Protein chains: 4
Amino acid sequence: MPNHRPVNIGLIGAGRIGSFHAESVARRLFDADLVAIADPAPGAAEKLAARLGAPKAYTSVSELLANPEIEGVVIATPARFHTSVVVEAAKAGKAVFCEKPMALTLEEADQAIAATAAAKVPLQVGFNRRWDQAFHEGRTAIDAGKVGSVQLLRSLTRDPGPYGGDPAKTPLWTIFYETLIHDFDTLLWLNPAAKPVEVTAIADALVRPDFAGRGFHDTAVVTIRFDNGSIAVAEANFCAMYGYDIRGEVFGSGGMVTMGDVRRSSMTLYDNNGVSNDTWRRDTDHFVHGYTAQLASFVEATRTGTVTGPTGKDARNALAIALASIKSVSERRTVQLSDV
Amino acid sequence: MPNHRPVNIGLIGAGRIGSFHAESVARRLFDADLVAIADPAPGAAEKLAARLGAPKAYTSVSELLANPEIEGVVIATPARFHTSVVVEAAKAGKAVFCEKPMALTLEEADQAIAATAAAKVPLQVGFNRRWDQAFHEGRTAIDAGKVGSVQLLRSLTRDPGPYGGDPAKTPLWTIFYETLIHDFDTLLWLNPAAKPVEVTAIADALVRPDFAGRGFHDTAVVTIRFDNGSIAVAEANFCAMYGYDIRGEVFGSGGMVTMGDVRRSSMTLYDNNGVSNDTWRRDTDHFVHGYTAQLASFVEATRTGTVTGPTGKDARNALAIALASIKSVSERRTVQLSDV
Amino acid sequence: MPNHRPVNIGLIGAGRIGSFHAESVARRLFDADLVAIADPAPGAAEKLAARLGAPKAYTSVSELLANPEIEGVVIATPARFHTSVVVEAAKAGKAVFCEKPMALTLEEADQAIAATAAAKVPLQVGFNRRWDQAFHEGRTAIDAGKVGSVQLLRSLTRDPGPYGGDPAKTPLWTIFYETLIHDFDTLLWLNPAAKPVEVTAIADALVRPDFAGRGFHDTAVVTIRFDNGSIAVAEANFCAMYGYDIRGEVFGSGGMVTMGDVRRSSMTLYDNNGVSNDTWRRDTDHFVHGYTAQLASFVEATRTGTVTGPTGKDARNALAIALASIKSVSERRTVQLSDV
Amino acid sequence: MPNHRPVNIGLIGAGRIGSFHAESVARRLFDADLVAIADPAPGAAEKLAARLGAPKAYTSVSELLANPEIEGVVIATPARFHTSVVVEAAKAGKAVFCEKPMALTLEEADQAIAATAAAKVPLQVGFNRRWDQAFHEGRTAIDAGKVGSVQLLRSLTRDPGPYGGDPAKTPLWTIFYETLIHDFDTLLWLNPAAKPVEVTAIADALVRPDFAGRGFHDTAVVTIRFDNGSIAVAEANFCAMYGYDIRGEVFGSGGMVTMGDVRRSSMTLYDNNGVSNDTWRRDTDHFVHGYTAQLASFVEATRTGTVTGPTGKDARNALAIALASIKSVSERRTVQLSDV
């Protein structure tokens, strides 16, 4: 744990997860300073900056990027703006951390990758699950050969219920672009020896059946076939009444690892109703330590210029599966990744 | 627990599972007597009969069926003979318990159902998982509304490794007909409000990649879509190095139930290597109590004439999914159940 | 699994546990027949015999013992009669299974041991916990050296609540004679290399504080020191609102084993309240397989003349700790086992 | 999460746990600055200060206390110096966090309490277990009435093996003063409605039997009786080969809570050896978040003047049980707390 001057970080996008990241930078990372926040919503950046003691607040992204003190930016805008902000930040010479999805098309992904490469700035993407203790240990066990050759994988995301979103305002294909993108990255990352070749996806509105057939999906199952024969299933649902349920399973010729538990702690209650545990109800509670470690990694990348976490390439790879899933659902057929 | 004269049971097929069923009838069921065993292999029936104290041994099924003392038969022949033996037993007026798969075609399934209906004899099929304590409790919770409307299901079968079978002698599509048939029944049984409409299956030889492309499959993933939108995934593999792993998961609008644990007991060892549990290594060890309860149910059906366990119809329903899976793998596409 | 003529068993005492044992002999053991039942309560033996199909019912123990068909007896009378019935049964030449406690004084214990030795009949005592799968595996691990030298032990019994007993009718020291006697045997059995030397006990009426100071105890903690320095804690309570909780823990120089789980099965419910499991609520449900195996062992002992389960000596050893505990509570001091 | 000027903290004692606390202040707490370190060992304070970027290093405690910038001190010297440093720090007007045990005699404890009261400075003691998520949730459940009236409690500390200490250099009664003091505080804190009245303790050298009888103890069991009849058992051992094992259990009229799990994460490996989990091997890994929260609480106490964590009084209460345990072992008898 070397002893450096703190790195100056700017936040772009002061929404829910942006605010949480800002708090991590300001209060959970010893070697980073939150020096500026930008958000177009009147007062949003200012209010958050005041709360966290950040010296500058902007309503314009460009203004923030023009601030020469800032060494790295955390991009947490709505997804549709991610790529253009990445490109602009790269041009401004800032190290870039971008929330997932980094892009909505492969062309966008390529632009983001090219812009950061041209500017020689680090680009890291918000696949925070890789820093969760259990998932990290799972990958370590796989690398150590403990499951042998990977044959079957599973990754799931179930958001805590009751579902409070507005289907009418939810962008098309959100479940693939924003939710399952985590599982796609997780599955690729846990199966490092293989490349995905084929995707079959099913999606439906089961939480909000009143929106079925209107382009809204709250439930999906995606099957991915890899070039070495291994098969992965990714699964998502927007309303788990028991909490925020994130799990992974990797089975191979030598054994299996499982990762993830919705139980909140080892505290167990035994009473008239039986044996019970409380559960995680929010992503930022469940994964607070993983989120912090992710940003610590980005701070380190900003300092050293070298990304050790998920890169733009990783974001592109996960996006390709999301796009194949969308095509599979649209055309009701299995889709080759080479056709995306 | 009423006090009756024992029911007279005959066993047809003295292989591994037949011998185990015979032992259950002879030694684990108080209200059944094992009175005869038939097996064409020279000496097989005789040897088992001697060990279990069964009075009669035959090399001919017909001879056994001609024995008027026998009230019910347990059929544990190779799968390809199941239907014809069911039909013959029904004609002989015996109550019929048939190991899965009861039939290999829908026509055969219909013949078995018709023959037992015509003879007015009970027909029960060997989906033993329904009697496992955990799966039984899971279904009870679903019936009680504890998971709400079912949305996502999973059922898996992993046979204990190392795999010692002979791929060259394994009948085509065994993984669907003999292994996943359990999962198909489990999924239908745990989703009682829905009907399956569409199946997509992937199968491969990952345990024995030297047999890939030669009609042998040891790994499969099947996705089933139901008429109410719910989606199930069934998964099988022939070689789990950690034991006999049977699990189920049902997720719905109100919550989730999970069933199955490969850990053998609550005995937990903490030592230099960490925390560990021994595992189940054989189906007949893991599910001895479920297997026994299954036959107790058949004995009761023999006595009363009423089947409360899985019927010929249930066998046909699970078979239809197996056939759709086979078609899906053969034609590399999603298959409607109405096309099977 | 040899194929013998069934052994003829008689039951003495048709109360709750006696009826359960009778049912085990009649319906869960293939190589034993329940041939007679004796109970002084008018109609009790007759009714149970009718239900289980036992040919004979008596109101007199002596009459049952005079029945020459009977090879072994299961004694499940109130505890204060145990020793005299053991002695009488031995004199009648019957193999003896006696529920715990076999005796209430060391003199009685010696009489029971001497009488069965003189008659050369097997004497087995009802410490059923030894046959529970988890406890059995725990002992096996200890024997295999997996915990090294034993240093610390724990055994506990918590009866399921709500407590429905009548403190006014409960014999003095029941918690030691009838409840903790199981834990004392378990601790001695799990620490085979050591001898107990010293006991300190605390007992109180916490479930029914209205009976405190009136000779009734529903809660107790007993510390036992062994000659090799190892220390055991036994703990009992009459009212666990969450079920029938039986656990053991053995810690040593190489590691630890834990045994016992009040969860009823692997079926786990995840709902709005969190994660939960149902629990065991009755001894005869929780330990049905252990109780059956215990009697199977006694049936084998009756046939072969050799006891492999807990003996009269084991009953005496556990009783000595119960007596030391009683003395410790009475005199409010640590008691040497040599002073009992 | 208010936005304040950081609080200036000084560390006294740069040993293992002191260094860890310093690191927590410097790198894990956003609202505290580590401004000075004192340690008499030549170079120790300097080296740590350099590593953590603390501006000042001293070999004299008095010099550090004379630094007017410092608002609060973290005392992590050897235990025998704790009280005198607390008193000196209080006189210097510093807020005081003192590692356990705050004192080795009741007189010392009273001096520490009196000195900090006279100086009107906060005094908080290092019972970090109270901040562990599971223990915290357990206490919350107890306060919410979920276990009803507390009847039986257990708390244990097992340090990870192999034991690498030097018995010859270990101060007398370390297992009570330094190890079990945690469990004594935990038990008092989890039983808030009761006062301890009586203690019986056993201690031995089982890990290092070559030191038995020479004043060294590595294994101890302490039974505590409370004024409401509830009974607690505390247990410690210096060598758990499977890791750092800290657990608690509270049983009452309504149910039970259990807290603590040596498993390191939910990552579970299933392989040829069965099912296994890695374990916590170090206190500072297992409880890093609790340790941090503890110091965050002290920083807040320094700022506000109000201690919400364990106080000098709490330290005195736990110490009284340690002293009673020592007397109990010395005199081989049960000891009243009123006699300590």
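The values are calculated or read from the model by the stated rules, or taken from the named source; none is laboratory data. All values derive from a computational prediction rather than experimental measurement. With ideal geometry, Cβ positions are generated from the backbone for all residues, glycine too; neighbour counts draw on all protein chains shown.
For segment C:149-174, which residues satisfy the criterion of being within 14 Å of C:Gly243 (Cα to Cα) and either in contact (Cβ under 8 Å) with a residue 40 or more places away in the chain or of a type in the set (Val, Ile, Thr) (or both)?
Taking segment C:149-174 and keeping what is within 14 Å of C:Gly243 (Cα to Cα), we get C:156-164.
Correct list: C:Leu156, C:Thr157, C:Arg158, C:Asp159, C:Pro160, C:Gly161, C:Pro162, C:Tyr163.
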Open item on the list: Could you check segment B:232-248 and list, in sequence order, the residues that are outside any loop (DSSP other than H, G, I, E, B), out of contact with any Gly (no Cβ under 9 Å at 6 or more places or on another chain) and more than 7 Å from every other protein chain (Cβ to nearest Cβ)?
Closed with: B:Ala232, B:Ala234, B:Ala236
Task: Set B:Glu63, B:Glu69: member being more than 14 Å from chain C (Cβ to nearest Cβ) and assigned to a loop (DSSP other than H, G, I, E, B) - done: B:Glu69
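Rundown of residues vs (1) under 23 Å from A:Phe298 (Cβ atoms); (2) among the acidic types (Asp, Glu); (3) buried (at least 21 other Cβ atoms within 10 Å of the Cβ), yes/no style:
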{"site": "A:Ala118", "(1), (2), (3)": "yes, no, no"}
{"site": "A:Trp173", "(1), (2), (3)": "no, no, yes"}
{"site": "A:Ala194", "(1), (2), (3)": "no, no, no"}
{"site": "A:Ala201", "(1), (2), (3)": "no, no, yes"}
Open item on the list: I'm trying to understand the selection: among the residues of segment C:210-231, which are at the interface with chain D (Cβ under 9 Å from one of its Cβ atoms), buried (at least 21 other Cβ atoms within 10 Å of the Cβ) and touching a residue at least 60 places away in the same chain (Cβ under 8 Å)?
Closed with: C:Ala220, C:Ser230, C:Ile231
TODO: Restricting attention to segment A:198-209, report how many residues are more than 25 Å from A:Val340 (Cβ to Cβ) and in contact (Cβ under 8 Å) with a residue 40 or more places away in the chain.
DONE: 2
TODO: Determine if segment D:168-178 includes at least one residue that is in contact with a helix residue (DSSP H, G or I) (Cβ under 8 Å, 6 or more places away or on another chain), away from every other protein chain (no Cβ under 13 Å) and among the charged types (D, E, K, R).
DONE: yes
Task: Number of positions in segment C:313-340 that are touching an Asp or Glu at 6+ places or on another chain (Cβ under 6 Å) and surrounded by 23 or more Cβ atoms within 10 Å (Cβ to Cβ) - done: 1
TODO: Quickly run through segment A:6-36 and pick out the residues that are under 19 Å from A:Phe81 (Cβ atoms), away from every other protein chain (no Cβ under 14 Å) and not in a loop (DSSP other than H, G, I, E, B).
DONE: A:Gly10, A:Leu11, A:Ile12, A:Arg16, A:Ile17, A:Gly18, A:His21, A:Ala36
Task: Filter result (more than 13 Å from B:Ala109 (Cβ to Cβ), aliphatic (A, V, I, L, M) and under 15 Å from the mean Cα position of the chain (by Cα)) within segment B:288-340 - done: B:Val288, B:Ala293, B:Leu295
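Would you confirm whether any residue within segment B:267-279 is within 21 Å of B:Thr179 (Cβ to Cβ) and in contact (Cβ under 8 Å) with a residue 12 or more places away in the chain?
Among the residues of segment B:267-279, at least one is within 21 Å of B:Thr179 (Cβ to Cβ) and in contact (Cβ under 8 Å) with a residue 12 or more places away in the chain, which makes the answer yes.
So, in segment A:257-299, how many residues would count as being hydrophobic (A, V, I, L, M, F, W, C) and in a strand (DSSP E or B)?
Selection size over segment A:257-299: 4.
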Task: Yes/no for A:Ile75 being surrounded by fewer than 24 Cβ atoms within 10 Å (Cβ to Cβ) and in contact with a helix residue (DSSP H, G or I) (Cβ under 9 Å, 6 or more places away or on another chain) - done: no
Open item on the list: Pairs please, first residue from segment A:315-335 and in contact (Cβ under 8 Å) with a residue 60 or more places away in the chain, second anywhere and among the basic types (Lys, Arg) and assigned to a helix (DSSP H, G or I), Cβ atoms under 6 Å, 6+ apart in sequence or on different chains.
Closed with: A:Val335/A:Lys327
Open item on the list: Test of understanding: among A:Ile75, A:Ile113, A:Ile142, which residue is modelled with pLDDT of 95 or more and touching a Cys at 6+ places or on another chain (Cβ under 6 Å)?
Closed with: A:Ile75
Task: Hits in segment D:100-116 - residues which are free of Cβ contacts under 8 Å to residues at least 60 places away in the same chain and buried (at least 18 other Cβ atoms within 10 Å of the Cβ) - done: D:Glu108, D:Gln111, D:Ala115
Task: segment A:37-60, residues that are of a type in the set (A, V, I, L, M, F, W, C), in contact with a strand residue (DSSP E or B) (Cβ under 7 Å, 6 or more places away or on another chain) and in a loop (DSSP other than H, G, I, E, B) - done: A:Ala54
- [ ] Please give the number of the condition A:Thr308 fails out of (1) assigned to a loop (DSSP other than H, G, I, E, B); (2) touching a residue at least 60 places away in the same chain (Cβ under 8 Å).
- [x] (2)
Task: Residue count, segment B:30-51 (criterion: hydrophobic (A, V, I, L, M, F, W, C), modelled with pLDDT of 95 or more and crowded, with 20+ Cβ neighbours inside 10 Å) - done: 9
Open item on the list: Take A:Thr334 and tell me if it is of a type in the set (S, T, N, Q) and within 30 Å of A:Arg28 (Cα to Cα).
Closed with: no
Task: Test: B:Val257 is within 14 Å of chain C (Cβ to nearest Cβ), in contact with a Gly (Cβ under 6 Å, 6 or more places away or on another chain), of a type outside the set (Gly, Ala, Ser) and in contact (Cβ under 8 Å) with a residue 60 or more places away in the chain - done: yes
Task: Residue that is nearest to C:Ala240 (Cα to Cα) [pool: residues in segment C:260-271 that are more than 7 Å from chain B (Cβ to nearest Cβ) and either out of contact with any His (no Cβ under 9 Å at 6 or more places or on another chain) or of a type in the set (Val, Ile, Thr) (or both)] - done: C:Val262
- [ ] Return a yes/no flag: does segment C:292-312 have any residue that is within 14 Å of chain B (Cβ to nearest Cβ), among the small types (Gly, Ala, Ser), touching a Gly at 6+ places or on another chain (Cβ under 8 Å) and buried (at least 19 other Cβ atoms within 10 Å of the Cβ).
- [x] no
- [ ] For segment A:247-256, indicate whether the set of residues that are farther than 29 Å from A:Val199 by Cα and acidic (Asp, Glu) is non-empty.
- [x] no
